[in-house]
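Have a look at the structure below, then the notes.
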Amino acid sequence: MGDTPGQHPVTDTLAQTFFAAIERGDIDVAGNCYHDEALIWHSYDGLSQTRAENARVLKYLSRNVKGLRYVGVERDCFAQGFVQRHRLQGEVRGMALDAPVCVVVHVADGQIHRLYEYVAAADIQPLLQP
């Protein structure tokens, strides 16, 4: 019999650790949640990133988003991964950031192996401006 959604504690702990590390700007801890072969895809540009490439994005977020936080988190966890909906909030160069996001995550060997982030470019415009 399969796992009941939202009831896989190991995967839930991985998700909590990952997002809490991003919120507090701890890129090393967030990066350690990724499998060595991780790929991170974003809907707003259709591109995939490696673990190292994504670390640069996370560093940018931690340096440029004041009060970065994930709110309204809804998460369903399974042994093979999790699905999470949340709002990414903060302030970027005086502009409010409030973006609805959905991530679909595949886990392998207790780490994030694939992460698919669905967010509209218009909702993260403050992050995309030079």
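Quick notes on this one:
- The 1.4 Å probe gives accessible areas that order Tyr118, Tyr70, largest first, as Tyr118, Tyr70.
- The H on the amide N of Tyr44, modeled in the peptide plane, is under 5 Å from the matching H of Val119, each at least 5 residues off or on a different chain.
- Solvent-accessible surface (1.4 Å probe) assigned to Asp36 amounts to roughly 120 Å².
- Length added when fully stretched, Ala121-Tyr60, from 0.36 nm per residue minus Cα-Cα: 20.3 nm
- Angstrom value of the Kirkwood radius, inverse mean 1/r, which spans all Cα pairs in segment 64-125: 12.6
- For the chain: relative contact order, % (alpha-carbon pairs under 8 angstrom, 6 or more apart): 26
- CD proxy at 222 nm, helix term only [per DSSP H run n ≥ 4: -39500 (n - 2.57); per residue of the chain; nearest 500]: -8500 deg cm²/dmol
- Per-atom-type breakdown for segment 31-130 gives carbon and sulfur 51% of the accessible area (1.4 Å probe, protein chains only).
- Globularity ratio of the chain, using Cα Rg and 2.2 N^0.38 Å: 1.01
- Backbone HN-Hα couplings from phi across segment 107-124 [Karplus 6.51/-1.76/1.60, Hz, Gly and Pro as x]: 10, 9, 6, x, 10, 6, 9, 9, 10, 10, 9, 10, 8, 6, 4, 4, 6, 10
- With Cα atoms, 0 to 90° folded angle of helix 51-64 axis to the chain main axis: 50
The values are calculated or read from the model by the stated rules, or taken from the named source; none is laboratory data. Here the structure is a predicted model, which means the values were calculated and not measured. Side chains are part of the model used for accessible areas, which takes the heavy atoms of the whole protein and leaves out ligands, DNA and RNA. Shrake-Rupley method; radii C 1.70, N 1.55, O 1.52, S 1.80 Å.
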